[in-house]
1. If all Cα-Cα distances of the chain are sorted into 5 Å bins from 0 onward, what percent lands in each bin, rounded to whole numbers?
2. Roughly what would the spin-label model give for Lys18 and Val174, points 7 Å off Cα along C-beta, in nm?
3. Which percent of the accessible heavy-atom area of the chain goes to carbon and sulfur, probe 1.4 angstrom?
4. Are any of the pairs Lys53/Lys79; Lys39/Lys79; Lys38/Lys73; Lys39/Lys73; Lys18/Lys73 more than 20 Å apart by Cα-Cα distance, and if so, which?
5. For Lys178, give me every one of the lysines with a C-alpha distance below 18 angstrom, ignoring sequence neighbours fewer than eight places off in its own chain.
6. What's the FRET efficiency of Thr181 with Arg123 using the Cβ-Cβ distance as r and R₀ = 25 Å, to the nearest 0.05?
7. Which net charge results when you count Lys and Arg as +1 and Asp and Glu as -1 among the other residues whose beta-carbon is under 14 Å from that of Val16?
8. Between Glu153 and Ala116, what length in nm is gained on full extension when 0.36 nm per residue of separation is reduced by their alpha carbon distance?
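The values are calculated or read from the model by the stated rules, or taken from the named source; none is laboratory data. Just so you know, these numbers come straight off a predicted model, no measurement behind them. Neighbour counts run over all protein chains shown; Cβ positions are idealised from the backbone, glycine included. Accessible surface is based on the protein model in full, side chains and every heavy atom, while ligands, DNA and RNA are left aside. Shrake-Rupley method; radii C 1.70, N 1.55, O 1.52, S 1.80 Å.
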Amino acid sequence: MSRQSYEIVAEVRDRVGKGAARALRLQARVPAVIYGDKKPPLAIALPYKEADKRLRAGGFLTTVATVVVGDEKIRVIPKDYHLHPVKDTLTHVDFLRISDETIVTVFVPVHAVNQAQSAGLKRGGALSIVHHEIECQCRADAIPESIDVDVAELDIGDSVHIEGVKLPAGVKPVIHEKNYTVLSITAPVGFSEAASA
């Protein structure tokens, strides 16, 4: 299941640069840029409160949005954002224009499901998630909310590797290392198979 899209109203910025950006922030607006899709970059300003709310809600970089600029509606996905180093306030957003065919590379969170059925966890084992996110390529309008890894059949010492993870249709993992471990069930301290048998 992909995340719920949202709309945000913006206005075109006629001035760019540090001074103009600072002036915008004093007016509770966030400077942003929309680029890509073989069109020139568009400098815009977002209402701070709305943009910050979307950022803090989670999944900001994996959620498609519609930026409304005047009469135009532009489908985008946030590609990067900047926070103030001290105040932790949103200071800038970069958006990528998308179409129905746009392929993006995103990090999708890993969720371990069916933990209550896992023999290894019932026996006192600990769930160790090695990769909390999986880097994936997929269509921009079909980014999954999470990658669910079923641990029901796992016992102590078992692990799930990326090649064993069932990904949603159209989602491919970006693999930098061969068949890496996503999660495992580790033994508790002092555990021995003989004592647990």
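1. 1, 7, 14, 15, 13, 12, 10, 9, 7, 5, 4, 2, 1, 1, 0
2. Label-label distance for Lys18 and Val174, simple model: 3.1 nm.
3. 52
4. Violating the 20 Å Cα-Cα cut-off are Lys18/Lys73.
5. Within the straight-line limit of under 18 Å, Lys178 reaches these lysines: Lys166.
6. The computed FRET efficiency comes out at 0.80.
7. So the surrounding residues net to +3.
8. Full extension of this stretch gives 12.3 nm more.
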